[in-house]
Structure formats: C-alpha cells, structure tokens
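Peer 1: There's a structure below that I have some questions on.
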Amino acid sequence: MVRGLAALPSGRRGKWVTLVAWILLLIPAFSLAGMLGSAQKNDISAWLPSSSESARFVAAAQKFGSGGTMPASVVYSRPGGLRPADVEKANADAAVFQRLEDVTGKVQLPLVADDLEAVETVVPVRVGESGWTGIAKVVDRLKAVAAANGDGLVSHVTGPGGYAADSGRAFGDADLLMIVAVVVVVAILLFTYRSPTLWLLPVISAVAAVFTSEAVIAVLAKYAGVVVNSQSSFILSVLVFGAATDYALLLIARYREELLVHFDRHEAMARALRRSGPAIFASAATVAVSLLVLLLATVNSTRGLGPVCAVGIVVALLAMTTLLPALLVICGRWVFWPVKPSFGALPPSRAGVWGRVSTFVAAKPRWIWAGTAAVLGSFALAMIGMHAEGIPQDRQFTKVTEAVLGDQLQSRHFPAGAGNPICTVVSSSTSDEVRLALSLLPTVATVVQLDAKDGRTLVLATPRAGAGSPEALATARQVRDVVHGVKGADAQVGGGPAITLDMQDGAARDAWVVIPAILLVVFGILVLLLRAVIAPLVLVGTVVLSYGATMGISVLVFDHVFHFGGMDAAFPLQAFTFLVALGVDYNIFLVTRVREESLRTGTRRGALTGLTATGGVITSAGLVLAGTFAAMASLPMVFAAELGFTVALGVLIDTFVVRSVLVTALTLDLGEAMWWPRRVKPAPPTADVGQELAYSGASVTDVRFEEQER
C-alpha cells in the first residue's frame, strides 16, 4: 500500500496529477466546509447519555413544548430597592417576551424576591438544531427588551438559557483559535527549518486537510447521520492541523535525508515515503482507531467526538502522503533555501543535544528508567485530588460573562437553584401526590405544576442549593427516588441538576468501558506493526504512566495556579484518548526507527542511533502539536483551556521525557528481549561505530545498506 502511494505523488507525471486532483477536491470543499456550522446539533440530546432518564424526559416533555426548551432567567435589580414601576416594567416585559420568536411555552409571571430588591422572570426558550447559536439570538432580544427604558434598573439574562448563549458566543471564537494555532505553528516551523519558504508547504497542506475534513464531516452529518456539535467541531480543526503538521515534519526529515544520497528528487521522495510511510500510517491508524473506540461511550458528546476526529485523522494522513509530497517534488531542492540538501553532501552531525542525551541514557539505563518512572509515578499520585464531577455553571468561563453576572445577582436575592429547576413529567392522576411528596423534601424550595396535557403533567421543583453543586445533585437523586416511589406516576425526571447527574454517571461508566478498550486496540496495532509482544507492552505502559503524570500535574495547576472550579465529567476520558493515542504516536516514530537500525547494528546501537536520528524531528513535532492544543486557551471556556493545557503538557512529557529517556533506557536495558518473540539479527557491519553515531538519517551505512538491498 505504501509503495503504491509513494509512486503517485513522487512520479514525474503523478505529482501534477496529484496536485490537480487536490485542487479539484478543494474547490467544493471550501464551500462544503462552510456548511459544518449548520450541520451541528447542539440541542440537549446531542450531549446527554443516550439511555439516561434525562434523555427520556426530553422525549416525554415534547408534548408540552418543553422537551426542546431551555429556561432563561431575566433578573432585574435596583440598588437601594425596587420601585413599583420596576415591577410594572417586569410584568410588561414578560408580555413582550411571550410574543418573541423562539419563546415557546408559558412565560412565568415575574417573581419578586423576599427582600424586595430583585424580580425574576423565567422564559422558556426553544432549542432548535442550531442549539447555542439560536439561543444566543433569543437571549440578545431578551436582554434588549429588559434593558430598554429601565431608568437605572439593572438587568441580566442568566439560567441555563443564558449560560448556553454565552457558550455559543465562546464557541463562535473558533476562527480566532485557528488563527492563533496557525501563527504558533508557523513560528515553530520557521525556527525548525530556518527557511523562509519551506514552512509554507506543510502549512498549506495542513490547511487543505482541515477544510477537506470539515467538508467530509458536513456531508456525513447531513447524509450519513454522523453527529457533530460545537465541541467536536473545534477539536476537529485543532487535531487535524496539529497531526497533519506532525506527519509533514516526519516526511520532510526523511525526504531531506534521501536528497543527500539520491540525485533525482523524485526517487528521493519515493524512498522517503516508503521508509517513513509505515510509521506515519501506523501512527494515524492508532489515533483513528483509538478515537473510533469512543463509539462505545454512552455520553453523546463523547461518542460523537470519535468518528468526527477519526475522519479528520484519515484526511490529514491522505493530505500529507499525497499533496505535500507532490508540492515538495514540484518545488525542488530550492524550497529548503538557504540550506539546500545537496547530492553527495555529508548528513548533519549527530554530535548535538540528542547525541549527548543518548550518551547520558546509555551510561546507566536501568537506573535512569527506574528513576524516571518513579518521578512520573509521584506526579500521578496527585490524581487522587482530581474533581471531575462537572464545572459549576458560574465558573464555566475564564472571564465574567452576562450569565455569570445574572447568576451572582440571582443568588443574592433568590434561592440558589432558582431558574434551574428539576423537571418531572408524571401521570396527571398522580400529580397532586407527587407535588405533595416533593414539597416535603427539605432540600426543595418550591414546587410548581406548570402544565397538563394528554394525561401527563409537568412539575417543576426548585432546589435550595445552587445548580451543579453536590447538594443540588443529591436533591436530583432524592426527587427521582420520591417520584418513582409514587405508584402509577410513570415519571421521567430531567432538568439542569438531573442532566448533570446523568452526565456524571454516564462518564463514569464510559471510563470503565472505553479506557480498557483503547489500551487493547493500541496494543494490538503495535503488535502488528512491530511483530513483537514486549515492545508493545513497554510502549503502552509508558504512555499510561505519562497520562497519569500529566493528569496529576494538571490537577495541581488547575487547583492552585488557575483556580478553576473543577473538571467536566467526561474530561478524564477525552484527555486519556488524546494523550494515549498521540503519545503512542511519538513512540511509534521512535521505535520503528530503532527497529530499522537494530536490524543493521543490534538493539543497543540501534536504540542510540534511532534516538539521535529522530530527536530533532520528533521534538519539533511535539512542539507543534503542543502549541496547537495550547492555542485552545484562546477560547474563554474552562473546559477548552483544561483540555488544551493537559494535551499540550502530555505531548511535551511524551516528547522530552518518555520517548527520549524512558523508552530509550528501557530498550537499552531489555536489549534483544525488546523484540520477543522475534529475534533481531543485525546485518554484517558495513561501517564502523563512529560513522554510525556521527551521522543522522541517510548515513554512509544507509547507502551501503541500500546497495545490499539492490
């Protein structure tokens, strides 16, 4: 397969065919990629566990017009106390709210606080397929009405609808995210290549991969039922851009090596693709298949992330093994200016940083890997303090938003759970009994019967505790226990606290099922690639240890440096998926080269040669991917900042510690046992040790080895 692909973009005619094919592909792709926003599903069901009671509540509440609605709370307050005119305005505004487009169901009459300093109106807002985007427009209209003719009256829109609107605005900054990511990557590539021209080709190819993947996902969402939401959409662009650039770095490094020993650049590219192709394909396969394992998840936001990002990785692979090689061959050697690789020139010396690292690791490998593992393990212990029960709604953003201001105002004058009730659909014949039972709960502030239709009744219970708090979640469990204990109630319980509860339960279940499945898949791919058992066990073990250390450090930083309010319930699983898949990436790049070198010189020398040969390119790749994910901090959302920080940190640990120190030291200590049950028999030496350790990439040994192959 690799040889077949290598022949097309590297051929004298094939390079032009490849370029024309991509141009023809990108013409509709640019247009289709623009449809991705409209193809997103950001309604409640796109995030809930598919089998949860909250999901069943959404279906049951459709008849009341509430299944696809979200309450938005408009809160008014005046310093020094309300005036009679303020209450009149709130009543008049409520009538206007009722007539607004996308306000469905009955707007509740304004409620005056006991301290007579605030008044609140709850407005049910329809959640269409556009989700947050549509809600944001309605919330803007609510805000405009509330702010008009207030004469000093303060008003804010909060509640689930207000927070959803703020989330939609935050995700609207995804274009800024890509601009930041591109700037970061360009800076790293300029530093890596020290060329004013070479960086253009991988960036052009990566951008083409992003647009193409977005186009493919938009088509699949419309015609194949693939679910994509705002979260998976922006993660897709970050992942594709970063992974594509990584593959580009690996390919260009091999291509540069081959240009030293091949006069014909077409032949050099064909050789580069054949030699780097297996590692790139294995890397992409590992990431893509690991992501597809997320289909086993029950939380829809996690489940939908799998196929979306897996498709993106496949597109990135195709772009970097077809479009980029074609562009490189078309441009020729000049694109490397000012340091063009000339045929017959000596390869770059290995007597640099990575040569010194290999010497250090080779001195006492057992002590080094044991000490490194102990340090990483100590960091992993900090995971004990991890709080992944969800992020309180007033701490979801890295800045103060409209909804947060309203929430603060609301909490000063109303019960903490006001505007975010626990909603129950019950049989109308038992509604009175249900309301009485709920009103007796000490953790419930108020109980209201909102509507009745077709023998079913909608009942709202307002918790005394704030939304998202442990107390509110406990109240949701109590409400479920009570209503399910009423004979004949046939109840479904949903609403904000119940949704958070179901998300936590679903995320916990998914972690126990998906994490072992990902480890088995990764292990299986490594066994097929390396045709060994010990090496895959070593690689999987090191990336799991790296994940633990990364999460431990992240917990400490989030709690004591950034002072975040917690982690999303699905965060540990999503972080695990990306960190393990991407961490194995760099191990694959290293170990495939080590195995290749071991076939010539033995495992010990092969490990040192592989480290020094791949040190520069893998370090650059790690910096690129870390920088790309770190750009996620440009979104003003805590979960985006947490995911970006954690993946960036994990990639750096994998690049600078796990790959360069831990894996290399373990390989040196295990020796030939690394490749068990196969035995690695090195070829007869064709160059002295000094030559092999003095050069990287296509050394004199490589040239003689090629002659033996011929």
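The values are calculated or read from the model by the stated rules, or taken from the named source; none is laboratory data. Given the structure is predicted, the values throughout are model-derived calculations rather than measurements. Neighbour counts run over all protein chains shown; Cβ positions are idealised from the backbone, glycine included.
Peer 1: Give just the number: which of (1) in the same structural domain as Gly332 (by TED's automatic domain parsing); (2) assigned to a helix (DSSP H, G or I); (3) farther than 19 Å from Asn42 by Cα does Lys143 not satisfy?
Peer 2: With (1) in the same structural domain as Gly332 (by TED's automatic domain parsing); (2) assigned to a helix (DSSP H, G or I); (3) farther than 19 Å from Asn42 by Cα applied to Lys143, the lone miss is (1).
Peer 1: A further question on this structure: Is there a residue in the range 294-317 that is outside any helix (DSSP H, G or I), among the small types (Gly, Ala, Ser) and either in the same structural domain as Val203 (by TED's automatic domain parsing) or over 23 Å from Ile23 (Cβ atoms) (or both)?
Peer 2: yes
Peer 1: Let me ask something additional. Can Ala248 be described as among the hydrophobic types (A, V, I, L, M, F, W, C), in the same structural domain as Asp585 (by TED's automatic domain parsing), over 22 Å from Thr197 (Cα atoms) and touching a residue at least 24 places away in the same chain (Cβ under 8 Å)?
Peer 2: no
Peer 1: Any idea which residue in the range 432-442 is surrounded by the fewest Cβ atoms within 10 Å (Cβ to Cβ), counting only those that are within 43 Å of the chain's Cα centre (by Cα) and closer than 27 Å to Val107 by Cβ?
Peer 2: Among them, the one singled out is Ser439.
Peer 1: While we're on this one: Restricting the range 454-477 to residues that are of a type outside the set (Ser, Thr, Tyr) and assigned to a strand (DSSP E or B), which is nearest to Thr500 (Cα to Cα)?
Peer 2: Among those that are of a type outside the set (Ser, Thr, Tyr) and assigned to a strand (DSSP E or B), it is Pro463.
Peer 1: Given the criterion touching a Leu at 6+ places or on another chain (Cβ under 7 Å), touching a residue at least 40 places away in the same chain (Cβ under 8 Å) and not assigned by TED's automatic domain parsing to the domain that holds Gly105, identify the matching residue among Ala33, Ala46, Ala61, Ala72.
Peer 2: Ala61
Peer 1: On to the next question. Hey, Ile179 hits all of (1) part of a helix (DSSP H, G or I); (2) in contact (Cβ under 8 Å) with a residue 24 or more places away in the chain; (3) over 28 Å from Leu273 (Cα atoms); (4) of a type in the set (A, V, I, L, M, F, W, C) but one; which does it fall short on?
Peer 2: Ile179 satisfies all of (1) part of a helix (DSSP H, G or I); (2) in contact (Cβ under 8 Å) with a residue 24 or more places away in the chain; (3) over 28 Å from Leu273 (Cα atoms); (4) of a type in the set (A, V, I, L, M, F, W, C) except (2).
Peer 1: Across the range 393-422, which residue is farthest from Gly548 (Cα to Cα) among those that are surrounded by fewer than 21 Cβ atoms within 10 Å (Cβ to Cβ) and modelled with pLDDT under 80?
Peer 2: Pro415
Here's the yes/no breakdown for (1) buried (at least 24 other Cβ atoms within 10 Å of the Cβ); (2) modelled with pLDDT under 90; (3) closer than 18 Å to Ala282 by Cα:
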{"site": "Leu529", "(1), (2), (3)": "no, yes, yes"}
{"site": "Val544", "(1), (2), (3)": "no, no, no"}
{"site": "Tyr547", "(1), (2), (3)": "yes, no, no"}
{"site": "Ile553", "(1), (2), (3)": "no, no, no"}
{"site": "Phe558", "(1), (2), (3)": "no, no, no"}
{"site": "Gly565", "(1), (2), (3)": "no, yes, no"}
{"site": "Ala570", "(1), (2), (3)": "yes, yes, no"}
{"site": "Val580", "(1), (2), (3)": "yes, yes, yes"}
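Peer 1: Another question, then. Please determine, by comparing only the residues of the range 623-645 that are under 13 Å from Val184 (Cβ atoms) and of a type outside the set (A, V, I, L, M, F, W, C), which one is surrounded by the most Cβ atoms within 10 Å (Cβ to Cβ).
Peer 2: Among them, the one singled out is Thr628.
Peer 1: Of all residues in the range 373-405, how many are part of a helix (DSSP H, G or I) and over 30 Å from Val361 (Cα atoms)?
Peer 2: Result for the range 373-405: 9.
Peer 1: Among residues belonging to the range 252-268 that are buried (at least 24 other Cβ atoms within 10 Å of the Cβ) and not charged (D, E, K, R), point out the one that is nearest to the chain's Cα centre (by Cα).
Peer 2: Ile252
Peer 1: Hey, can you tell me all the residues within the range 301-325 that are in contact with a Phe, Trp or Tyr (Cβ under 6 Å, 6 or more places away or on another chain) and of a type outside the set (Ser, Thr, Tyr)?
Peer 2: Met320, Leu323
Peer 1: Same structure, new question: Here is a check on your reading of the model: is Val308 aliphatic (A, V, I, L, M), crowded, with 19+ Cβ neighbours inside 10 Å, under 30 Å from Tyr163 (Cα atoms) and out of contact with any Lys or Arg (no Cβ under 6 Å at 6 or more places or on another chain)?
Peer 2: Yes: the conditions hold for Val308.
Peer 1: Quick one: is Arg366 among the basic types (Lys, Arg) and either at pLDDT 90 or above or surrounded by 20 or more Cβ atoms within 10 Å (Cβ to Cβ) (or both)?
Peer 2: Judged against the criteria, Arg366 is a match.
Peer 1: Output the residue which, of all residues in the range 50-66 that are buried (at least 16 other Cβ atoms within 10 Å of the Cβ) and in a loop (DSSP other than H, G, I, E, B), is modelled with the lowest pLDDT.
Peer 2: Ser66
Peer 1: Check Phe241, Phe263 and return the single one that is of a type in the set (Phe, Trp, Tyr) and closer than 30 Å to Ser342 by Cβ.
Peer 2: Result: Phe263 is the single residue among Phe241, Phe263 that is of a type in the set (Phe, Trp, Tyr) and closer than 30 Å to Ser342 by Cβ.
Peer 1: So how many residues does the range 428-453 have that are of a type in the set (A, V, I, L, M, F, W, C) and part of a strand (DSSP E or B)?
Peer 2: Number of matching residues: 6.
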